[in-house]
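The values are calculated or read from the model by the stated rules, or taken from the named source; none is laboratory data. Since we're looking at a predicted model, the values are computed, not measured. All Cβ positions, glycine included, derive from the backbone under ideal geometry; neighbour counts span all protein chains shown.
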């Protein structure tokens, strides 16, 4: 194996190997980390739909339409294990009110998860095949058994500490917190039948055994003080510091501190941000944007439109509006049912992300080299930078930089700025065979100093049939945490 340590990225280690990456994606193509998913309506028809939103550009596309939404709070989640969105809804040819849990792929095709019909809530993916949920029979239904789909798509029951008794909880949302191997749950004051403190929203920690089959200790809880919240808990998501982002909503104008930070071990709560919007429809932390994203109805001022907004820690006010290419309205009503989440390609155990950008330049056979990242680029974890669709046997260079660029080059576009390293590479495949060349370079970001730093890569290859003798890949931006 060959190791490479770029002078300006001393902790990046690149090693030759042989993996293959799927094609890079457009907005309606294969998933990219950090895409925003919104459960809304297509206007003017009012058809229920799940939308995909590019967080940087606001480009919006319909992923799938549905007959009617099933479930309750926490009934849509992206599952990295199965590579799609899980949503509780009714789909043809079923009747309108026959709800299943549907797995929706990036191309909009859907398949029902086996063995389940009805409504659910508290849906969360552990990223290893387990998808936890609670059946929903009505508001204020009280404690219910926590169930999960296993990696073989079989429904199992989470057991209590004795390994026999089904474990029950009264929560509306669940989040699998990978660092502490626990489920974090929430219940809102006016919808749950049980609370830590009467008439206050509650947050719960449910520790899991190493094998994930049972609870490993007592469930602990805390109530949100009225000084921080008066309203419903809308969503839970992991923050980059290991805490949990708690997005809340209130029916009362002027309610303070609607985004909170929860320590998932001690359950201590602190203010995180103070949006001026009060009727919010869920939120999450976006590593891709480096900010929290929420969906809100109109804010404290009538001229503030409904839709997606971003917030940084400690920020107050209306936040930055994401102008989407399609309107994303939310229906009337008030409850802890959220409508927004994100695509998490590597699952909850990975805080980093990778996204393609820009366009490559074709070589022999009109093949455009495809560059991508396989796996989680977090500090200390092995991932692969892979290259496909190159002319067989071609030699080239992988450019590594610290900025994005768009500079005309050899009839195409050079996409990497602040170049820190140039790595010679040679792809396999039959020499001269168009599109047959591929290569993957395993990589490790071993120095914690690289956490949170964007890294940009692009590959170029000698190709006599390219417009100026050089073919270029797309660019990839990735970040480890």
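Given the condition part of a loop (DSSP other than H, G, I, E, B) and more than 16 Å from residue 471 (Cβ to Cβ), answer yes or no: does some residue in the stretch 355-371 qualify?
Filtering the stretch 355-371 down to residues part of a loop (DSSP other than H, G, I, E, B) leaves 358-360, 362-363, 367-369.
Still in the running and more than 16 Å from residue 471 (Cβ to Cβ): none.
No, because not a single residue in the stretch 355-371 is part of a loop (DSSP other than H, G, I, E, B) and more than 16 Å from residue 471 (Cβ to Cβ).
Here is a list: 401, 393, 380. Which entry is touching a strand residue (DSSP E or B) at 6+ places or on another chain (Cβ under 9 Å) and part of a strand (DSSP E or B)? Quick ask: steps written out before the conclusion?
Details: 393 fails: part of a strand (DSSP E or B); 380 fails: part of a strand (DSSP E or B).
Exactly one residue qualifies, and that residue is 401.
Conditions first: (1) crowded, with 18+ Cβ neighbours inside 10 Å; (2) within 17 Å of the chain's Cα centre (by Cα); (3) part of a loop (DSSP other than H, G, I, E, B). Residue 81 passes all but one, so which condition is the exception?
Residue 81 satisfies every listed condition except (1).
Among the residues of the stretch 357-375 satisfying the criterion of being surrounded by 23 or more Cβ atoms within 10 Å (Cβ to Cβ) and within 23 Å of residue 289 (Cβ to Cβ), which is farthest from the chain's Cα centre (by Cα)?
Result: 371.
Restrict the check to the stretch 212-222 and report whether at least one residue is buried (at least 24 other Cβ atoms within 10 Å of the Cβ) and under 20 Å from residue 74 (Cβ atoms). Before the answer, list the steps.
First pass over the stretch 212-222, keeping only residues buried (at least 24 other Cβ atoms within 10 Å of the Cβ): none.
So far as the stretch 212-222 goes, no, none of its residues is buried (at least 24 other Cβ atoms within 10 Å of the Cβ) and under 20 Å from residue 74 (Cβ atoms).
Can you find a residue that is outside any strand (DSSP E or B) and modelled with pLDDT of 90 or more anywhere in the stretch 274-286? Step through it out loud before you land on a result.
First, the residues of the stretch 274-286 that are outside any strand (DSSP E or B): 276-279.
Narrowing further to those that are modelled with pLDDT of 90 or more: none.
Checked against the condition, which is being outside any strand (DSSP E or B) and modelled with pLDDT of 90 or more, the stretch 274-286 yields no hits at all.
Go through the residues of the stretch 163-170 one by one and say whether even a single one is over 18 Å from residue 125 (Cα atoms), buried (at least 21 other Cβ atoms within 10 Å of the Cβ) and either assigned by TED's automatic domain parsing to the domain that holds residue 448 or modelled with pLDDT under 95 (or both).
no
So is residue 250 more than 29 Å from residue 480 (Cβ to Cβ), at pLDDT below 85 and over 22 Å from the mean Cα position of the chain (by Cα) or not?
Here the answer is yes, as residue 250 does meet what is asked.
From the list 123, 98, 103, exactly one residue is at pLDDT 95 or above, assigned by TED's automatic domain parsing to the domain that holds residue 237 and not in a strand (DSSP E or B). Which is it? Working first, answer last.
On the way: 123 fails: not in a strand (DSSP E or B); 103 fails: not in a strand (DSSP E or B).
The conditions single out 98.
Looking at the stretch 135-160 only, could you name the residues that are part of a loop (DSSP other than H, G, I, E, B) and under 10 Å from residue 214 (Cβ atoms)? Explain how you work it out, then say what you get.
Taking the stretch 135-160 first, the residues part of a loop (DSSP other than H, G, I, E, B) are 136-143, 150-154, 158, 160.
Within the stretch 135-160, 158, 160 qualify.
Just one of (1) at pLDDT 95 or above; (2) in a strand (DSSP E or B) trips up residue 41, so point out which.
Here residue 41 meets the rest and fails (1).
Could you please let me know if residue 147 is closer than 19 Å to residue 221 by Cα and surrounded by 17 or more Cβ atoms within 10 Å (Cβ to Cβ)?
On the way: closer than 19 Å to residue 221 by Cα: no; surrounded by 17 or more Cβ atoms within 10 Å (Cβ to Cβ): yes.
So residue 147 does not fit the description; no.
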